[in-house]
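First comes the structure, then the notes that go with it.
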Amino acid sequence: MEATAQTSHDRFTLTPQAGSPGMIVRAEGCELITNSGRRILDAAGGAVVNNIGHGRQEVADAVAEAMSALGYVVPIWPTPYRSALANHLVEHWLPDGFDQVFFAAGGSEANDTAIRLARMHHLSRGDEQRHKVIGRIPSYHGSTLATLAIGGHMARRDGFDPLLAEHPKVPWDNADAVAAAIEAAGPDTVSAFIAEPIIGAAGPALMAPLDYWATVREVCSEYGVLIISDEVMTGFGRTGRRWGFEGDDWLPDIIVAAKGLSGGYTPLSMVTAHNRIIEPLIEAGRAVMFFTYSGHDASCAGSLAVLRILEQEGLMQRAAVAGARMLDALTGAVGDSPNVVAVRGRGLMLGVELTGVASVDVVGQALERDVWIYPGGSGPAVNDGLLFAPPLIINDAQIDRIADVTAEAITAAAR
Ligand code: PLP
């Protein structure tokens with residue numbers, strides 16, 4: 001599309017602002033390019049989305065092919081792109097026993113669907129009282145009214161309380177609190193527990209202690225409560241593993257993914273569940289209502305092309321190596337800063353927790369230096385933080401530049 005001189009936010013004032021580098025007209029590799037030729041280093045993959053790097057022609061070609069063949073097909077029917085992607089996911093990405101995939105367009109829709117799926121599982125088994133979903137503070141699962149209600153992003157919930165159904169909340173790092181919350185809510189009313197294995201926007205890269213998940217798994221199994229792993233940010237290799245929960249030696253009942261599934265090239269999310277969760281629905285003749293854009297063919301074709309690049313170029317393995325280097329670089333650059341509480345994370349999902357300085361101010365200073373970092377923190381556990389999640393192809397020189405600019409930006413913002 002022809003780039004115009006219009007660079008202001010005049011028509012987008014409803015969207016939160018964090019400075020503007022100008023109109024973005026191209027993107028290549030790890031860089032976003034403006035109409036004035038500025039090159040912004042994308043240290044956050046947009047919103048922890050892009051994984052294979054920007055501007056891959058193979059993905060554009062795959063989407064164009066799908067759109068030449070098909071415009072829109074109602075989600076109840078198979079198409080070659082939908083079927084190929086679902087098969088590919090089951091064969092190459094999902095844990096054993098996860099043989100069904102439900103597509104949606106974004107993370108909020110997918111988490112909303114996971115809440116419905118858990119409820120329908122219990123209903124199908126005659127467990128009609130189970131409906132509460134235990135969430136953690138902090139957490140973020142989306143901005144629909146249901147996902148805000150189960151989430152613990154205090155800033156994003158602000159003002160909506162009268163519209164939000166009440167669901168129990170627990171601190172993010174206390175496994176015993178999960179059992180206590182189930183008991184307090186009434187065990188036969190609890191449907192599910194939802195968590196991000198590594199917390200994203202609400203508390204950049206907070207990770208619960210190692211034995212946390214084993215205990216939570218045990219507690220939830222004992223009480224018949226399903227675990228939903230919200231892998232919207234952590235899925236598809238971002239953490240150096242296929243899934244954020246992997247390696248902590250436990251398996252969720254339901255997995256929700258988005259962002260990395262299509263690397264942001266096309267809008268796509270998914271929900272999958274172990275067969276034992278889905279079988280009661282099938283026996284009861286229930287199905288989950290789709291969204292109009294569930295499994296759109298452009299999205300599925302784009303996702304398949306993105307996943308093939310991820311696999312063929314070993315980008316998940318690269319995330320582990322580059323992530324370790326980036327963690328070292330950030331720790332070296334800002335670890336001793338009086339404005340930094342912690343530097344943490346796994347793979348290329350890294351966080352810096354701040355004190356005495358606002359995350360948006362640091363992000364603004366970094367943007368002035370042509371680096372995009374994602375602002376995070378929601379109170380009360382983490383008020384301000386930075387989230388780093390560049391495309392998994394990021395190179396060493398770019399990592400060093402991000403670390404240097406982060407240090408300069410924190411110092412400038414704190415001044
Ligand atoms: N879940 C997590 C963990 C997220 O980080 C996000 C978005 O950042 C969402 C859900 C919501 O996804 P979306 O913005 O695509 O609706």
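The values are calculated or read from the model by the stated rules, or taken from the named source; none is laboratory data. The structure presented is a predicted model; accordingly, all values stated were derived computationally and were not measured. In this analysis, Cβ positions are derived from the backbone assuming ideal geometry, glycine residues included, and neighbour counts consider all displayed protein chains.
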Are any residues in the range 406-415 modelled with pLDDT of 95 or more and either in contact with a Pro (Cβ under 7 Å, 6 or more places away or on another chain) or surrounded by fewer than 24 Cβ atoms within 10 Å (Cβ to Cβ) (or both), and if so, which ones? ALA407, GLU408, THR411, ALA412, ALA413, ALA414
List every residue pair whose Cβ atoms sit under 7 Å apart, with the two residues 6 or more apart in sequence or on different chains, where the first one lies in the range 239-263 and is outside the structural domain of LEU85 (by TED's automatic domain parsing) and the second, anywhere, is within 11 Å of the ligand (Cβ to nearest atom). none
Could you grab the pairs with beta carbons closer than 6 Å, sequence gap of 6+ or different chains, first residue in the range 106-128 and aliphatic (A, V, I, L, M) and modelled with pLDDT of 95 or more, second one more than 15 Å from the ligand (Cβ to nearest atom) and not in a loop (DSSP other than H, G, I, E, B)? ALA118/SER191; ALA118/LEU226; MET120/LEU281
Run GLY364 past the list (1) crowded, with 23+ Cβ neighbours inside 10 Å; (2) farther than 21 Å from TRP243 by Cα; (3) in contact with a Gly (Cβ under 6 Å, 6 or more places away or on another chain) and report the number of the one that doesn't hold. (1)
For the list (1) over 17 Å from ASN50 (Cα atoms); (2) modelled with pLDDT of 95 or more, I need the number of the one condition that VAL382 fails. (2)
CYS30 fails exactly one of the following numbered conditions: (1) farther than 17 Å from GLY260 by Cα; (2) under 25 Å from the mean Cα position of the chain (by Cα). What is the number of that condition? (1)
Contacts under 6 angstrom Cβ, first residue in the range 181-204 being more than 30 Å from TYR374 (Cα to Cα), partner more than 16 Å from the ligand (Cβ to nearest atom) and of a type in the set (Phe, Trp, Tyr), 6 or more apart: ILE182/TYR223; PRO187/TYR223
Can you pull out the strands (runs of 3 or more DSSP E) entirely within the range 102-209 that have at least 1 residues that are among the β-branched types (Val, Ile, Thr) and within 14 Å of the ligand (Cβ to nearest atom)? 132-137, 190-195
For residues that are over 20 Å from the mean Cα position of the chain (by Cα) and among the small types (Gly, Ala, Ser), tally how many sit in the range 88-117. 1
Going by the structure shown, is VAL216 assigned to a helix (DSSP H, G or I), surrounded by 24 or more Cβ atoms within 10 Å (Cβ to Cβ) and touching a residue at least 40 places away in the same chain (Cβ under 8 Å)? yes
Whether any residue in the range 272-290 is more than 15 Å from GLY97 (Cβ to Cβ), assigned by TED's automatic domain parsing to the domain that holds ILE150 and of a type in the set (D, E, K, R) is what I want to check. yes
Filter result for the condition that a residue is of a type outside the set (D, E, K, R), free of Cβ contacts under 8 Å to residues at least 24 places away in the same chain and in the same structural domain as ARG38 (by TED's automatic domain parsing), over ALA358, ALA397, ALA403: ALA397
